[in-house]
Amino acid sequence: MSVYIKLIRNNIKSNRSYGKYFAKAVSQGEVTLEDIAAEACRNSGFSEGSVIGVATEIQDIMKQRLRDGQTVVLPGIGRFSLRVESIGVDDPKQFNIGRHITRIICGFLPAGRRIAGGRILYDLCEGVKAVWQKGFKP
């Protein structure tokens, strides 16, 4: 399994890394729920409709649990929780939810474990190596 990369130059003049090149992952396309359902069907005894039905039900339950303020933990995948972005105020008494909350987002923390050297190995990235994007090599 590989993740394809290419190099991107940092063109943000105010950034201290201006002019340096960094690796960027390049998507090799998208996979839909229907694609996943078809593959799960081939790999198991479940029908595509059953897989889609279960995935849709999980999505609905996750939405409700997140709306209820809970963190959703899917072993081997990660943790989902709602986060709030807001404008800062000098005095807590000045804070107005309607005016200072700018958006609510769903945060995702991938499942992983610490390995030698204190690094984290993410479950969904295990066994993946970086290779050059097809047709790209500096």
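One table, with the values for the structure above:
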{"quantity": "Output for the stretch 54-69, where each listed residue is of a type in the set (Lys, Arg) and surrounded by 11 or more Cβ atoms within 10 Å (Cβ to Cβ)", "calculated": "LYS63, ARG65"}
{"quantity": "Residues located in the stretch 20-33, provided they are surrounded by 11 or more Cβ atoms within 10 Å (Cβ to Cβ) and not aromatic (Phe, Trp, Tyr)", "calculated": "LYS20, ALA23, LYS24, ALA25, VAL26, GLN28, LEU33"}
{"quantity": "So LEU82, is it open to solvent by 70 Å² or more (accessible area, probe 1.4 Å), touching a residue at least 24 places away in the same chain (Cβ under 8 Å) and of a type outside the set (Lys, Arg)", "calculated": "yes"}
{"quantity": "Some residue of the stretch 96-116 being more than 18 Å from the chain's Cα centre (by Cα), under 28 Å from LYS6 (Cβ atoms) and open to solvent by less than 70 Å² (accessible area, probe 1.4 Å)", "calculated": "yes"}
{"quantity": "Residue within the stretch 1-8 that is loosely packed, with under 11 Cβ neighbours inside 10 Å and more than 20 Å from ASP123 (Cα to Cα) present", "calculated": "no"}
{"quantity": "Condition check for GLY135: out of contact with any helix residue (DSSP H, G or I) (no Cβ under 7 Å at 6 or more places or on another chain), open to solvent by 90 Å² or more (accessible area, probe 1.4 Å) and without any contact (Cβ under 8 Å) to a residue 60 or more places away in the chain", "calculated": "yes"}
{"quantity": "Options VAL72, VAL128: the member that is surrounded by 11 or more Cβ atoms within 10 Å (Cβ to Cβ), hydrophobic (A, V, I, L, M, F, W, C) and more than 30 Å from LYS6 (Cβ to Cβ)", "calculated": "VAL72"}
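The values are calculated or read from the model by the stated rules, or taken from the named source; none is laboratory data. Please read these numbers as outputs of a predicted model, since none were measured by experiment. Cβ coordinates were reconstructed from backbone atoms using ideal geometry, including for glycine residues, and neighbour counts include every protein chain displayed. Heavy atoms of the whole protein, side chains included, go into the accessibility calculation; ligands, DNA and RNA do not. Shrake-Rupley method; radii C 1.70, N 1.55, O 1.52, S 1.80 Å.
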